Amino acid sequence: MKFFFSALAVLCLSGFAANAQSMVRIGDVKITKVSPSAPKTPDFQFTGTPKRSKLGQWLEVEVEFETKPEDIDELTFKYTILIEKKLLDGEVTHVNIPKGREHFSVMYVAPRTLEKLTDGKALTASSIENVWVEVSKQGQVLHKDSFKPGNQPNLQHIQGMVLNKMETPFAPLYFDRYEAVKHQK
C-alpha cells in the first residue's frame, strides 16, 4: 500500500513538473535582434575525387532572443522573408532552451533559390526588403519582431524555400551557438 501511494505521488509530481515546464507566457521570450547576411557556401576539404563547383551565396537570417523561464521544452520560430517583392515562409522548432540571453535561431535561403528570385542578379542589401520573425509555443504567439519597421505586404506566401540549419551545408558549423532543432519525422 505504501508503495502504491509513493508511486502515485511520483506520477502526480512528474505531471506537475511537465506542466510547469510548458508554462510560457507572452513576455517570457523576447526577440532582441533580426540580422540577415549573405555568407558563401562553406568550403570543406576532403580526400577523394573532387568535383568542380562554384561557392554560392546564401541568405542567412539569424535571430537573437532571450528567455525568462528556467527551461522551455520547445519554441517555434516562423520566418517571413521579403526578397524582390516575394514573400518566403519557413519555420523551425527549437528544443530544450534554458533561461537566459544570447540564444540564437537561424534559417537560410539557398543560392539557386536566390538566383531564381533575383533573376540571376547578385543578392544585394536592397534585395532583402525585410524579414519578420514570430516566436510561438503551441500556437500561442509570444513575440514578434522584424529586421526593419513595417508591415508585411499583401502578397502570396511561398513555402519550402527557407531552410533550417540542419538542411544546409552550415549544419556542422557553430553547432553550440544555435539552439537544437527538433527532428521532423
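The values are calculated or read from the model by the stated rules, or taken from the named source; none is laboratory data. Everything numeric in this text was worked out from a predicted model, so none of it was measured. Methodologically, a virtual Cβ is constructed for each residue, glycine included, from the backbone with ideal geometry; neighbour enumeration extends over all protein chains shown.
When each of 141, 95, 133, 109 is tested for being of a type in the set (Val, Ile, Thr), under 24 Å from residue 72 (Cβ atoms) and surrounded by 20 or more Cβ atoms within 10 Å (Cβ to Cβ), the lone residue that passes is 133.
Among the residues of segment 29-82, those identified as more than 18 Å from the chain's Cα centre (by Cα) and among the aromatic types (Phe, Trp, Tyr) are 44, 46. Taking the listed residues 75, 59, the one that is touching a strand residue (DSSP E or B) at 6+ places or on another chain (Cβ under 6 Å), modelled with pLDDT of 90 or more and under 25 Å from residue 99 (Cα atoms) is 75, with no other qualifying.
For every residue, the table says whether it meets (1) closer than 16 Å to residue 37 by Cα; (2) among the aliphatic types (A, V, I, L, M).
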site	(1), (2)
146	yes, no
150	no, no
155	no, yes
166	no, yes
176	no, no
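Remark: residue 85 falls outside the filter, which requires a residue to be in contact (Cβ under 8 Å) with a residue 24 or more places away in the chain and surrounded by 12 or more Cβ atoms within 10 Å (Cβ to Cβ).
Within segment 39-52, residues that are at positive phi have Cβ atoms under 7 Å from residues that are modelled with pLDDT under 80 and not in a strand (DSSP E or B) in no pair, counting only partners at least 6 apart in sequence or on another chain. Only residues that are surrounded by 12 or more Cβ atoms within 10 Å (Cβ to Cβ) and either free of Cβ contacts under 8 Å to residues at least 12 places away in the same chain or within 29 Å of residue 28 (Cα to Cα) (or both) were counted in segment 149-169, giving 7.
For the structure I just gave you, tell me whether residue 96 is more than 23 Å from residue 57 (Cβ to Cβ), polar (S, T, N, Q) and in contact (Cβ under 8 Å) with a residue 12 or more places away in the chain. Criteria met by residue 96. Out of curiosity, is residue 123 modelled with pLDDT under 95, of a type in the set (A, V, I, L, M, F, W, C) and surrounded by 15 or more Cβ atoms within 10 Å (Cβ to Cβ)? Yes; evaluated as a whole, the condition is true for this residue.
Here residue 81 fits the description: among the β-branched types (Val, Ile, Thr) and touching a Gly at 6+ places or on another chain (Cβ under 8 Å).
What strands (runs of 3 or more DSSP E) lie completely within segment 20-132 and have 2 or more residues being among the β-branched types (Val, Ile, Thr) and farther than 26 Å from residue 151 by Cα?
On the way: elements: 29-37, 59-83, 86-109.
The strands (runs of 3 or more DSSP E) meeting that bar are 86-109.
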